[in-house]
Every structure is written in C-alpha cells, then in structure tokens.
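The values are calculated or read from the model by the stated rules, or taken from the named source; none is laboratory data. Computed from a prediction, not measured in an experiment: that's the story for all the values here. Quick reminder, even Gly has a Cβ in these numbers, built from the backbone with ideal geometry, and neighbours come from all protein chains shown. Accessible surface areas use protein heavy atoms only, side chains included; no ligands, DNA or RNA. Shrake-Rupley method; radii C 1.70, N 1.55, O 1.52, S 1.80 Å.
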Amino acid sequence: MNNQLFKNDNKINNIFDNIKKLVISSRNKVYSVVNTEMLNLYWNIGKAIMEIQQGDERANYGDAVLDKLSQKLTNEFGKGFSKRNLERMRKFYIYFPNATTVSSQLSWSHYIEIIKIEDVPKRKFYINECINSRWSVRELQRQRDSLLYERLSLSADKEKVLELSEKGQILKTNKDLVKDSFVLEFLDIKENTNYLESDLEKNILEHLKEFLLELGKGFSYVGNQVRLTLEEDHFYPDLVFYNRLLRCFVIIDLKIGKVTHHDIGQMQMYVNYYDRKIKQEDENPTVGILLSTNKNETVVKYTLPEDNKTIFSSEYKLHMPTEKELITAIEEEKINFEINK
C-alpha cells in the first residue's frame, strides 16, 4: 500500500513539474506579447505628440498640448497618461525614431531609465548591457549611477571606446577584467572610519551577489582564504573567482592603503601557484588583481615586467563617484599617459 502511495506521489510530482513548466512558459509568452504591445503603443503615442508639435519638442504650445491630452486620456482610460508619462513617450520616440531599434527584450521601465541618458554612445552601451547581461531595472539604475560606462571608458584602450558603445563590454584580454575604479558602495562602509581588511572581505562575502555584478561578466565564486601550502608555509589569498568567458582563475587580494612591492610579490606567487598546480592545460593563465584604496601605479610599474599581462592593481571606492571626480581621474590618466609615453 505504501509503495502504491509512493508511486502515486511520484506521478503527481511529475505532472506538477510538467504543468509548472507550461504555466511559466505561457506566462513568459503573455508577458512578451504585452510588453511588445506596450512599447509599440507608447512609441506611437510619442510619435503622434511630435507630429502635433511638428517635430519641435520645445514648441511654445507643447506644455498646453500635453496638459490637455493628459486630462482627456486620463478621463477616458484612467491612470498611466499623466503629463510626465506623456513627456517620457515623446522622449522615447525622439531617441528611437526608427521603431525597429526598439528592443522588446527591454521593458518600458528599462526605457524610462535609458531615455534619461542624453549621450548617444552611452545610451547604446547601457541598452546592449541590459540585453546581454539581462539586467533588471534596479541593476541598470545602479550601474548607471556608478558611472560604469565612464569607468570602463577610462580603463579601456581609446580605440575600444567605440566598440564599448556599439557592443557593450567585451572580454577579450585580461586587462578587460579590471575597471578603474571598482565601486563598492553597497558595502555601506562609511568613509574615514576604521575598518580592517578582514572586515572588508567579510562584508564582500555578505554582499557577494552585488560584488559579482560589480566585477562584471562571467564571474563565479570559488572561495575565500583558500589555503596554499608551500613546504611548511601556508598562504591565504583573500578571494578566488573563475571567469568562464576568459577561462581563467582570478585571484583578488584586498588592501587598505597603498599597494606595496611586497603585495605585488605575494600576488605573483599566488598566480604562479595556480598556473602550475591548479589550472588545467586548456585553461588560460591566472589573473591577479590587487584591490586597494591606493593602487600605487609607479611601484606596480617598476616591480612587474614590462610585458606583464596577468597582475593588475586597481582602486575601490566606497561611494558613487561624482562627475567631477571622474573628470579629475580622466585628466590624471591623460597626464600619466603623456609622462609614460
């Protein structure tokens, strides 16, 4: 009797799993259709408004038109047609005058955030990243607020900036793994407070999902304080990840203050160990990133060989950088480039 009940339970569970898949698939299809129709509707409303304004977004009578339209549409159809929303639909059409460039993979909520971006290359970048990385609206907001495009542009070779806007972030070389700088505001550590490297590591592990998002594409967590034993000595890299796109291990050591030649030497040892003992023959060389509050580029430059392609130093910030801070960083980068040419 018990065996029969067990068999019946298994059958019910199997039927439930099949029905669950059908329901989820159907809901996704319905959402996709509804989302596409919504985007088409809002695009066409934006087009109609611009036609009334004869293509001039700043026409003197534009506000009066939107006020009257909003009132009539709200009376007829209810919420969703406020003046603010009509302004968004108009902007939506202005930025995407060709309907075929509107992606149904993004929601209207995504586009509300995207149309806040006036710079065309930057806007293209975030659209590509939303699609390629399947960002939620919240993730899009966070990455835009943290100036991801600007940080990647600053880190990339200048000829890659155009590719960045056309295709999004592409990982081709080890250097593409490194941003300048990393923004860790989600750790909620106040500036000018005393905290230890162990506190920083613990906090990162508690916010691992956010940290992986900040690291970028293709990262998976391997472990922290993974012990390496050389004869009778034990060493403990702070964080170890694997990047499936570049097919390599990535070791991160966290530092408060300046990176020293000792830190660089220790990272070189970690990287050598993983290359010789851990990685498979068909995998690429291990990458080491020293993540600190002061990357000390000059010491790094003269400690590592000129053809170094595996060890990098980058800074982290505990707050969102401002436009002013970023401009200053870009200017400093230009000066350093001219000096080191």
TODO: Would you pull out the residues with amide H under 5 Å of VAL222's amide H, same chain only if 5 or more places away, H placed 1.01 Å from N?
DONE: VAL240, PHE241, TYR242
TODO: Return one number: the angle in degrees, 0 to 90 and rounded to the nearest 10, between the long axis of the Cα atoms of helix 323-340 and the longest principal axis of the Cα atoms of the chain.
DONE: 40 degrees
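Taking 0.36 nm per residue of separation and subtracting the Cα-Cα distance, what length does fully extending LYS175 through GLN268 add?
Working: separation 93, 0.36 × 93 = 33.48 nm, distance 1.60 nm.
Gain on extension, LYS175 to GLN268, equals 31.9 nm.
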Open item on the list: Of the candidates ARG276, ARG144, ARG123, which one comes out as most mobile in a Gaussian network treatment of the chain with C-alpha springs shorter than 10 Å?
Closed with: ARG276
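Quick check for me: using +1 on Lys/Arg Cβ and -1 on Asp/Glu Cβ, what's the dipole size of the chain about its Cα centre, in debye to the nearest 20? Provide the component values of the computation, followed by the final result.
Numbers: 50 positive and 52 negative charges, 344 e Å.
Charge dipole, the chain, about its Cα centre: 1660 debye, nearest 20.
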- [ ] Please give, to one decimal in nm, the separation of the simple spin-label points placed at GLU206 and THR293, each 7 Å out from Cα toward the Cβ.
- [x] 1.9 nm
TODO: Please give the helix 62-77 orientation as an angle from the longest Cα principal axis of the chain, in degrees from 0 to 90, rounded to the nearest 10.
DONE: 80 degrees
TODO: Return the distance in nm (one decimal) between the two label points of a simple spin-label model at ALA99 and SER136, each offset 7 Å from Cα along Cα→Cβ.
DONE: 3.2 nm
Task: Helix axis angle, 261-273 relative to the chain longest principal axis, alpha carbon, degrees - done: 90 degrees
TODO: Would you rank GLU139, GLU323, GLU214 by solvent-accessible area, highest first, keeping every protein chain in place and using a 1.4 Å probe?
DONE: GLU323, GLU139, GLU214
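Residues of the chain: accessible area per residue at 1.4 Å, in Å²?
Details: 20460 Å² over 341 residues.
Ligands and nucleic acids excluded, the figure is 60 Å² per residue.
Full-extension gain between THR229 and ASN18, please, as 0.36 nm times their residue separation minus the C-alpha to C-alpha distance. The partial results should precede the final answer.
On the way: separation 211, 0.36 × 211 = 75.96 nm, distance 4.91 nm.
Gain on extension, THR229 to ASN18, equals 71.0 nm.
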TODO: Could you tell me whether region 169-325 comes out rounded, prolate or oblate from its Cα gyration tensor? Rule is a ≥ b ≥ c as square roots of the eigenvalues, rounded for a/c under 1.5, then prolate if a/b exceeds b/c, otherwise oblate.
DONE: rounded
TODO: Please give, to one decimal in nm, the separation of the simple spin-label points placed at ASN35 and LYS324, each 7 Å out from Cα toward the Cβ.
DONE: 4.0 nm
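Hey, any idea what % of the chain's accessible area is carbon plus sulfur with a 1.4 Å probe?
Values: 10520 of 20460 Å².
Carbon-and-sulfur percentage of accessible area, whole number: 51.
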- [ ] Select one label from (1) 34, 21, 18; (2) 35, 24, 17; (3) 44, 32, 18: the one whose number is semi-axes √(5λ) of the Cα gyration tensor in Å as derived from the coordinates shown.
- [x] (3)
TODO: Compare PHE81, PHE241, PHE312 in a GNM of the chain, Cα atoms joined below 10 Å, and give the one with the largest fluctuation.
DONE: PHE81
Task: Accessible-area value, TYR242, 1.4 Å probe, nucleic acids and ligands omitted, Å² - done: 40 Å²
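Which sequence of ILE278, ILE131, ILE19, ILE204 reflects their accessible areas, 1.4 Å probe, from the largest down?
The ranking, largest first, comes out as ILE19, ILE278, ILE131, ILE204.
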- [ ] Figure the gain on full extension for ASN44 and ALA64 (residue separation times 0.36 nm, minus the Cα-Cα span) and round it to one decimal in nm.
- [x] 5.2 nm
Open item on the list: Using a Gaussian network model on the chain with a 10 Å cutoff between Cα atoms, which of ASN308, ASN85, ASN35 fluctuates the most?
Closed with: ASN308
